[in-house]
1. Determine the sum of side-chain charges near residue 48: Lys and Arg each +1, Asp and Glu each -1, restricted to other residues whose C-beta is under 13 angstrom from that of residue 48.
2. Go through the range 30-46 residue by residue and turn each phi into a ³J(HN,Hα) via Karplus (6.51, -1.76, 1.60, θ = phi - 60°); whole Hz please, and just put x for glycine and proline.
3. Treat the count of other C-beta atoms within 10 Å as a stand-in for reagent exposure and order 23, 48 from fewest to most.
4. Give me D for the range 9-62 in µm² s⁻¹, whole number, from Stokes-Einstein with Rh from the Kirkwood sum over alpha-carbon pairs, 20 °C and 1.002 mPa s.
5. Calculate the length of the line joining the C-alpha centroid of the range 32-64 to that of the range 1-23, in whole Å.
Amino acid sequence: MPTTRKPTFVSRNLVAIVMIPSLIAVHFGWAILQDNRKLVTAEEQIDLPPVTFAKFAWKRLTGDHGVVAEKSDSK
């Protein structure tokens, strides 16, 4: 009866082993490019994409669209 080999840690988690360092490298590269003033001025600089998405998602969830309600002074 042939024995089957148990899958190794690397074979079971190959996608995570490749993708996690890749995501870290992409975000590090984004931060380096955003800090280069020859490419991006201080006024044009934006947050990391996950931070931008988190702010967008929070505003959608809480219903805060940046509109400040004005109080009416009708007497």
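Just so it is clear, none of the values below were taken in a lab; they were calculated from the coordinates. As the structure is a prediction and not an experimental result, all values here were calculated from the model. Ideal geometry is used to build each Cβ from the backbone, glycine not excepted, and the neighbour counts take in all protein chains shown.
1. Values: positive: 55; negative: 35, 47.
Spelling it out: positives minus negatives among the neighbours equals -1.
2. Per-residue couplings from phi come out as 4, 5, 5, 5, 5, 7, 7, 6, 6, 9, 9, 6, 4, 6, 8, 5, 10 Hz.
3. Working: 23 11, 48 14.
Lowest to highest Cβ neighbour count: 23, 48.
4. Numbers: Rh = 13.4 Å.
Stokes-Einstein gives a translational diffusion coefficient of 160 µm²/s.
5. Distance between centres, Cα-based: 35 Å.
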